[in-house]
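The values are calculated or read from the model by the stated rules, or taken from the named source; none is laboratory data. What you are looking at is a predicted structure, and each value in this text was computed from that prediction instead of being measured. Methodologically, a virtual Cβ is constructed for each residue, glycine included, from the backbone with ideal geometry; neighbour enumeration extends over all protein chains shown. We work out accessible area using only protein heavy atoms, side chains counted, and drop any ligands, DNA or RNA first. Shrake-Rupley method; radii C 1.70, N 1.55, O 1.52, S 1.80 Å.
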Amino acid sequence: GYFYSRWNKCIHSSHDHSDIVFIDNYIFNKDVFIQFNSTVGEFVGYTELGVFNARKWNSDSGRLQSERAEVERYCKYNAELYQAAIADKS
């Protein structure tokens, strides 16, 4: 059989969330074949298929804009919620 998954994550270390990085991994058979990293600002392919898709997806300005917006929409929003929940408990 085949295994496909997509994992995304937000990484930050500052309390003001100024250094948040959004990473979106596309995985096939347990290997990342393409990744979006908000620091890089575009898709990077790690296999032949990944390089092909990265070229195609990077030429789609709507898709890139959507991925880049995840830092604000997903990462910062949730980081602020988690920070408030943790701060209230300490």
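Data for the structure
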item	result
Condition check for VAL51: among the β-branched types (Val, Ile, Thr), open to solvent by 40 Å² or more (accessible area, probe 1.4 Å), modelled with pLDDT of 95 or more and in a strand (DSSP E or B)	no
Qualifying position, being assigned to a strand (DSSP E or B) and more than 30 Å from ALA87 (Cβ to Cβ), among ILE27, ILE23	ILE27
Hits in the stretch 54-70 - residues which are part of a helix (DSSP H, G or I) and among the polar types (S, T, N, Q)	ASN58, SER61, GLN65, SER66
Unmet requirement for ILE34, which otherwise passes all of (1) in a helix (DSSP H, G or I); (2) open to solvent by less than 40 Å² (accessible area, probe 1.4 Å)	(1)
Cβ pairs under 8 Å, 6+ apart, first in the stretch 41-63 and polar (S, T, N, Q), second modelled with pLDDT of 95 or more and assigned to a helix (DSSP H, G or I)	ASN58/LEU64
Residue in the stretch 71-84 that is open to solvent by 60 Å² or more (accessible area, probe 1.4 Å), outside any helix (DSSP H, G or I) and either free of Cβ contacts under 8 Å to residues at least 24 places away in the same chain or closer than 20 Å to THR39 by Cβ (or both) present	no
Some residue of the stretch 13-25 being open to solvent by 80 Å² or more (accessible area, probe 1.4 Å) and touching a residue at least 60 places away in the same chain (Cβ under 8 Å)	yes
Enumeration of residues in the stretch 31-90 that are in contact with a Cys (Cβ under 9 Å, 6 or more places away or on another chain) and of a type in the set (Gly, Ala, Ser)	SER38, ALA79
